[in-house]
1. Kindly provide the set of residues from segment 47-89 that are β-branched (Val, Ile, Thr) and under 14 Å from Tyr108 (Cβ atoms), ordered by number.
2. Suppose we filter Thr81, Thr76 for residues that are touching a strand residue (DSSP E or B) at 6+ places or on another chain (Cβ under 6 Å) and not assigned by TED's automatic domain parsing to the domain that holds Leu183; which single one remains?
3. So is Arg99 basic (Lys, Arg), within 24 Å of Ile69 (Cβ to Cβ) and touching a Ser or Thr at 6+ places or on another chain (Cβ under 7 Å) or not?
4. Would you check if there is a residue in segment 125-145 being free of Cβ contacts under 8 Å to residues at least 40 places away in the same chain and under 17 Å from the mean Cα position of the chain (by Cα)?
5. Of all the residues that make up segment 73-114, how many are surrounded by 19 or more Cβ atoms within 10 Å (Cβ to Cβ), of a type in the set (Lys, Arg) and closer than 13 Å to Leu29 by Cα?
6. In segment 149-186, what residues are surrounded by 15 or more Cβ atoms within 10 Å (Cβ to Cβ), small (Gly, Ala, Ser) and in a helix (DSSP H, G or I)?
7. Which condition number does Pro23 fail, the rest of (1) free of Cβ contacts under 8 Å to residues at least 24 places away in the same chain; (2) not in a helix (DSSP H, G or I) being met?
8. Looking only at residues in segment 102-151 that are among the aromatic types (Phe, Trp, Tyr) and out of contact with any strand residue (DSSP E or B) (no Cβ under 7 Å at 6 or more places or on another chain), which one is nearest to Glu9 (Cα to Cα)?
Amino acid sequence: MMTGVDLPETIPVFPLPGALLLPRARLPLHIFEPRYLALIEDVMKTPHRLMGMIQPYESAAGDTRLHAIGCAGRLTAFSETEDGRYMITLSGISRFRVRHEVEGFMPYRRCEVSWDGFDRDRGAVESDPGLQRESFLALLAKFFEEHGLSTDWESLEEAEDELLINSLSMLCPFESEERQALLEAPTLVERRETLTTLIEFALRGGSGEEVMQ
């Protein structure tokens, strides 16, 4: 388990729309762009092997900016294909807040970050005592049917609260801003409440933009 003291002040970031990483969860990624191949190679040379996943967005001026909060993952699995692409897995360590971007000559973006306020991410697995699993899974079943999705329902029924809620937050087909809201939820309970709201709104035919306003 990494403490705040172990975490670096500057990390490389991968701004990937729609990709959500949460603490203690795992995210598989397929890396093929040259700048991100370079990022992975540089990350593997560090003792902590950390990189940040963060949602980009387009500003009113038309430039690509980064949301204030992302999640750092540790590179825990790596393989290379014959044509030079990388298949990796990130294990979520902690959310962070961007202080500012670091200027330099790297082909990828780097940020100076703060880990303050996210001690919970590096602590014990969270539980959700208010989770009514039967009704929650019934709602989820309607959502999956509506979107033509399938899953291992037996595994979902047996999964611990955190694994269930975080896995669904990462896997459900939400828009980037909706995923950002799930990431920024301070606690597991609040993430489940946000997840439920998004599912209910989607079933009513609403748009995520209205939910987040």
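1. Scanning segment 47-89 gives Ile54, Thr64.
2. Thr76
3. yes
4. Within segment 125-145, none of the residues are free of Cβ contacts under 8 Å to residues at least 40 places away in the same chain and under 17 Å from the mean Cα position of the chain (by Cα).
5. Qualifying residue count, segment 73-114: 0.
6. Ser167, Ser169, Ser176, Ala181
7. Just one mismatch for Pro23, condition (1).
8. Residue satisfying both the conditions and the ranking: Phe105.
The values are calculated or read from the model by the stated rules, or taken from the named source; none is laboratory data. Being a predicted model, the structure only gives us computed values, none of them experimental. A quick note on method: Cβ atoms are made from the backbone with ideal geometry, for glycine too, and the neighbour counts reach across all protein chains shown.
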